Amino acid sequence: PGVLTMTLISLTSRIDGKKSRSPVHVSQVLFSSCQNNAIKTSKYNLLTFLPLNLFEQFRRLANAYFLFLLFLQLIPQVSSLSWFTTAVPLLLVLSISAVKDASDDIVSFLFTGRQIMTSDEVTRTANLKLKSADLLLLSSSEPLNLVYVETAELDGETNLKVKQALTVTGEMGDGIDELAGFNGEVRCEPPNNRLDKFKGTLTLHGQTYALDNDKVLLRGCTLRNTEWCFGLVIFGGPDTKLMQNSGKTTFKRTSIDHLMNVLVLCIFGFLAFMCTVLAIGNAIWEVREGSLFTAFLPREPGVDAALSSFLTFWSYVIVLNTVVPISLYVSVEIIRLGNSFYIDWDRKMYYPKSDTPAQARTTTLNEELGQIKYIFSDKTGTLTQNVMTFNKCSINGKCYGEEGNLQAQAFFRLLALCHTVMPEEKKEGELYYQAQSPDEGALVTAARNFGFVFRSRTPESITVVEMGRRVTYELMAVLDFNNVRKRMSVIVRSPDGQLTLFCKGADTIVYERLHKSCDRLKEVTTGHLNEYAGDGLRTLVLAYKDLDEGYMDEWRRRHHEASTAMDGREERLDELYEEIEKDLLLLGATAVEDKLQDGVPQTIEQLTKADIKIWVLTGDKQETAENIGYSCNMLREEMKEIFVMAANTAEGARAGLFWIHKSETVLDEKVDGDYGLIINGHSLAFALEKDLRLELLRTACMCQTVICCRVTPLQKAQVVQLVKKYKQAITLAIGDGANDVSMIKAAHIGVGISGQEGMQAVLSSDFSFAQFRYLQRLLLVHGRWSYLRMCKFLRYFFYKNFTFTFVHFWYAFFCGFSAQTVYDEWFITMYNLVYTALPVLGMSLFDQVSTEWNYYPQLYSPGQLNLYFSKKAFVRCMMHSCYSSLVLFFIPWAAIYDTVRDDGKDVADYQSFALLAQTCLLVVLCLDTHYWTAVNQFFMWGSLAVYFAITFTIYSNGMFFIFTSSFPFVGEYYSFCCALFSTPNVWLTIFLTSLLCILPVVAFRFILIQLRPTINDKVRGHVTRTVTPSCLLYIIHNHQFDLSIY
């Protein structure tokens, strides 16, 4: 821990930011120096942007490869192409990436605050965002030294939180003299990224006071309803908790990304193989035929067949470079960005009540939304509304509903005292509670409705109006709630001097700490709890304990020592809490209602039909989780069997899994009928051990629905990681609270719901929206479309590039393996950038199936099986390209060989053949489409029009006279080009080539549909045979559609 010893005689005296500061003394124990507030979140500046950005981009294999090609093209003995054929595409790719990186960095730079402060200042601030540093709150303008802050920038939560200064520092107020004379020592933990924790002590006038997170204002929070406050700068600049949390996040990549990386490496190997074959062919040709050409093509001195073969290898590396997709990654990012905008703009995923649209927080995972096999969902706030209503309670063994006439004062006194709620009276008589969780708000509100009104709190007291009588309790200690303790307690002293500990928490936790005399009452209360849980209500158990004065004095002394300890504070406090929270007396139980969100059962039903398995991971009771499972249609009466694992030992968990295993005779996941599995937290903890985890996974994966109850946040993440590690399937986790963050980060796809528990889940997610029902559209519409578009793009992209390159390969056998290109240099330069860019991008951004197909969730399954793009699909694409390239080379070659025009002039020259071959290639690529839509037609005919316009411009007389060296074709070639396209033989060749390329492929697809129809083909046939839309809707509504009949 660091130590700051301060004689503070300087402070800000104005709110306008002007301040005067005198030197202060800072003892440097572990801090070698005090950090100022200057931070840097941007990666570049004006001087370093170009070199650093280029360095990062050339770390990518494809970019480095094309830079290497550019250097090769500068060697005359190697290159048969001009340098610009590689330089122009490379420059465009680098420029697009650089613009994107620069825009991201500018946004990051503008976000950074620039007010400079150091860790030895007292600062005054008003109703504004705290951009300076992390502050220890000293005093404020509000009563009881309260400060109201909004932490949306830190954790996304918009509800106001309350911070409170120590009474000893709050007494200074805004007095300049008192603050100037403040002399104390603050010991605190080193800088860290824990937003919810702070450990420190303040030593003042010989007394030591504990400092925790409630007394600290963090950089990024915004003050509300506070005129002014004074704070001591603790951490500045990169040491602030906000900046400590700005570290690198694990970058998620899709399965298609990983596959593309493998394919690119395979393409490099295939390129080396082709170049080796052609280099060997060059050596053979030089030995057998080369000597015949030396009379008019003399060799350079010292160049023999071996050296010629070596140079030819590198020449063909340049000529065949289009097989390596330089523009692939840029095109993929453009497609993903466009599909992300579709999610952001989707009005059907907009929630008007909270004005919350859907948001794609990442642009790299869109197509993986179409491949989800497992969904891991939280319950409260995700499946339910997380709007709590006090519904029933059990007091001293008696069950009461809402209409009960309750006289159990101790019960509601506990509800009014044991909480962290802050009251706010905006208008006279209108009391508003600021609760950090809906549960607490509902319980405190229930206590108010039954005559126990919580009015105010200070660090030392809680004021309650009990049945019209104002009572102030002395607050002795607060035993905080967390996900491990699963309970909260307060210790108070009543006006008559009675010390009492009030505790509320989960039934399993509180039951372990009850006095033996409560056994009978516990049985009755447990029956009530099971009844409440069966109704889907959320339950808590309440208990209390009267304390002895002498014991309490001793306990408080040890509590003060533990709370002011810098090492092992949490462990020591936990021991003290365990010590005092025992032998409790049972008061009763509460039950609050949390209704399902709209459309949850229907959404789960559709996702189940899409063969997506849904696992619910919740901290609720088993009975509550089971009831919600039935309400959501995850558990159904027609299921063959629902297994329940509720073991409390490792042996019990092992026996349970063994029994389930033995009751099934079918191996792997294919089982006869639907099954469900319910497992509690104790069983899950044992089942996650190394020797049982695979058996747990195998058992769970045989079930259509799995519900894990009483689980911790860590167990949620462990379950997700288990499936992610051992199953070749894509996972999605969805939640709405901070306890779901670890699960969301662990899954392939994380989805956050902006609900009642703040925005921490949203801030950690990849996609977010306001209601669970939008998950159906996110997966079955956007996910499926994104996957289909990406797969079609990749197949088309590799097809056009391999077809383009294979033509060069066949031509090598007719040009003496001399690395001569088929096409002219400008066509090679603009092939990917201009001529074929629009059709493939248009298909990848605007292609979608008919909207009525969305009624068939079974269409989602091909993505789960990765049927549309895989290594097999890539090999089929190469075979298709090989066939097309043979047709595209040999048909024009045979058609133009020894051919003359009508005027007797020879057509069989290299330039005419190049123009004819590249025209046939472009026509075939543009006509290879699945859909004939207006958008498709526009891009197809637009690309052809651009091609002919550029071709006639490049070969015009004007271009020849202006740029003779760049356009070396003779000036008469323009008229010759026009004459060529006026020859019927040329257009017949184009038609024949297109027919031979497209017709066999169409015929093969037709035969495949008849013999081995895919699920898409089945649905297309069913939709086609549907007579009217009303009939279609009737079939869908009554679930009469069965794909098995086809």
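Applying the criterion of being of a type in the set (S, T, N, Q) and open to solvent by less than 70 Å² (accessible area, probe 1.4 Å) to the residues of segment 934-956, the residue that is modelled with the highest pLDDT is Ser943. Annotation note: of Tyr551, Tyr532, the sole residue that is without any contact (Cβ under 8 Å) to a residue 40 or more places away in the chain and in contact with a helix residue (DSSP H, G or I) (Cβ under 9 Å, 6 or more places away or on another chain) is Tyr551. If you go through segment 794-816 and keep only what is at pLDDT 90 or above and among the aromatic types (Phe, Trp, Tyr), you end up with Phe798, Tyr799, Phe802, Phe804, Phe806, Phe809, Trp810, Tyr811, Phe813.
Would you say Tyr787 is of a type outside the set (D, E, K, R), touching a Cys at 6+ places or on another chain (Cβ under 9 Å), under 27 Å from Leu838 (Cα atoms) and at pLDDT 90 or above?
On the way: of a type outside the set (D, E, K, R): yes; touching a Cys at 6+ places or on another chain (Cβ under 9 Å): no; under 27 Å from Leu838 (Cα atoms): yes; at pLDDT 90 or above: yes.
It is false that Tyr787 is of a type outside the set (D, E, K, R), touching a Cys at 6+ places or on another chain (Cβ under 9 Å), under 27 Å from Leu838 (Cα atoms) and at pLDDT 90 or above.
Per-residue answers, yes or no, for (1) modelled with pLDDT of 80 or more; (2) open to solvent by 50 Å² or more (accessible area, probe 1.4 Å); (3) of a type in the set (S, T, N, Q); (4) touching a strand residue (DSSP E or B) at 6+ places or on another chain (Cβ under 7 Å):
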| site | (1), (2), (3), (4) |
| --- | --- |
| Leu833 | no, no, no, no |
| Pro839 | yes, no, no, no |
| Ser844 | yes, no, yes, no |
| Asp847 | no, no, no, no |
| Tyr855 | no, yes, no, no |
| Leu859 | yes, no, no, no |
| Gln864 | yes, no, yes, yes |
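Of all the criteria given as (1) assigned to a loop (DSSP other than H, G, I, E, B); (2) over 23 Å from Phe769 (Cβ atoms); (3) open to solvent by less than 50 Å² (accessible area, probe 1.4 Å), the one not satisfied by Glu638 is (3). Between Val484, Val478, Val465, the distinction of being more than 25 Å from Thr151 (Cα to Cα) and either assigned to a strand (DSSP E or B) or not charged (D, E, K, R) (or both) belongs to Val465 only. Can you name the residue in segment 487-519 that is touching a residue at least 12 places away in the same chain (Cβ under 8 Å) and assigned to a helix (DSSP H, G or I) and, of all such residues, is surrounded by the fewest Cβ atoms within 10 Å (Cβ to Cβ)? Restricting to residues being touching a residue at least 12 places away in the same chain (Cβ under 8 Å) and assigned to a helix (DSSP H, G or I), the top hit is Ser517. Assess whether Glu171 counts as being acidic (Asp, Glu), modelled with pLDDT of 85 or more and either surrounded by 18 or more Cβ atoms within 10 Å (Cβ to Cβ) or closer than 24 Å to Pro423 by Cβ (or both). Taking the combined requirement at face value, the residue satisfies it. Consider segment 34-65 and keep the residues that are open to solvent by 80 Å² or more (accessible area, probe 1.4 Å) and under 28 Å from the mean Cα position of the chain (by Cα). The one that is modelled with the lowest pLDDT is Lys40.
Quick one: which of Ala306, Ala279 is farther than 29 Å from Ser844 by Cβ, of a type outside the set (Val, Ile, Thr) and either in contact with a strand residue (DSSP E or B) (Cβ under 9 Å, 6 or more places away or on another chain) or surrounded by 20 or more Cβ atoms within 10 Å (Cβ to Cβ) (or both)? Give the derivation first.
Working: Ala306 fails: either in contact with a strand residue (DSSP E or B) (Cβ under 9 Å, 6 or more places away or on another chain) or surrounded by 20 or more Cβ atoms within 10 Å (Cβ to Cβ) (or both).
That would be Ala279, the only listed residue that is farther than 29 Å from Ser844 by Cβ, of a type outside the set (Val, Ile, Thr) and either in contact with a strand residue (DSSP E or B) (Cβ under 9 Å, 6 or more places away or on another chain) or surrounded by 20 or more Cβ atoms within 10 Å (Cβ to Cβ) (or both).
Please pick out the residue among Leu677, Leu696, Leu688, Leu684 that is farther than 21 Å from Gly370 by Cα and surrounded by fewer than 21 Cβ atoms within 10 Å (Cβ to Cβ). Can you show your working first?
Values: Leu677 fails: surrounded by fewer than 21 Cβ atoms within 10 Å (Cβ to Cβ); Leu696 fails: surrounded by fewer than 21 Cβ atoms within 10 Å (Cβ to Cβ); Leu684 fails: surrounded by fewer than 21 Cβ atoms within 10 Å (Cβ to Cβ).
Exactly one residue qualifies, and that residue is Leu688.
Restricting segment 699-726 to residues that are at pLDDT 85 or above and charged (D, E, K, R), the residue that is most open to solvent (accessible area, probe 1.4 Å) is Lys725. Residues of segment 351-397 that are out of contact with any strand residue (DSSP E or B) (no Cβ under 8 Å at 6 or more places or on another chain) and closer than 23 Å to Gln760 by Cα: Pro352, Lys353, Ser354, Asp355, Thr363, Thr364, Val387. Restricting attention to segment 741-759, the residues that are in a helix (DSSP H, G or I) and surrounded by fewer than 24 Cβ atoms within 10 Å (Cβ to Cβ) total 4.
Please tell me if Tyr551 is part of a helix (DSSP H, G or I), of a type in the set (Ser, Thr, Tyr) and at pLDDT below 90.
Taking the combined requirement at face value, the residue does not satisfy it.
Is segment 223-230 home to any residue that is aromatic (Phe, Trp, Tyr) and either in contact with a Phe, Trp or Tyr (Cβ under 8 Å, 6 or more places away or on another chain) or in contact (Cβ under 8 Å) with a residue 24 or more places away in the chain (or both)? Walk me through it before giving the result.
Step one: filter segment 223-230 for residues aromatic (Phe, Trp, Tyr), giving 228, 230.
Still in the list and also either in contact with a Phe, Trp or Tyr (Cβ under 8 Å, 6 or more places away or on another chain) or in contact (Cβ under 8 Å) with a residue 24 or more places away in the chain (or both): 228, 230.
Checked segment 223-230: at least one residue is aromatic (Phe, Trp, Tyr) and either in contact with a Phe, Trp or Tyr (Cβ under 8 Å, 6 or more places away or on another chain) or in contact (Cβ under 8 Å) with a residue 24 or more places away in the chain (or both).
Where in segment 366-462 are there strands (runs of 3 or more DSSP E), lying wholly inside it, with at least 3 residues that are surrounded by fewer than 22 Cβ atoms within 10 Å (Cβ to Cβ)? Counting at least 3 such residues, we get 389-395, 398-400, 422-427, 430-434, 452-457.
Can you go through Leu365, Leu328 and tell me which one is farther than 27 Å from Lys595 by Cβ and touching a Lys or Arg at 6+ places or on another chain (Cβ under 8 Å)? Write out each step before concluding.
Numbers: Leu328 fails: touching a Lys or Arg at 6+ places or on another chain (Cβ under 8 Å).
When all the criteria are applied, what remains is Leu365.
The values are calculated or read from the model by the stated rules, or taken from the named source; none is laboratory data. Given the structure is predicted, the values throughout are model-derived calculations rather than measurements. Heads up, the Cβs are rebuilt from the backbone with ideal geometry, glycines too, and the neighbour counts pull from every protein chain shown. Please note that ligands, DNA and RNA were not included when accessible areas were found on the heavy atoms of the full protein model with its side chains. Shrake-Rupley method; radii C 1.70, N 1.55, O 1.52, S 1.80 Å.
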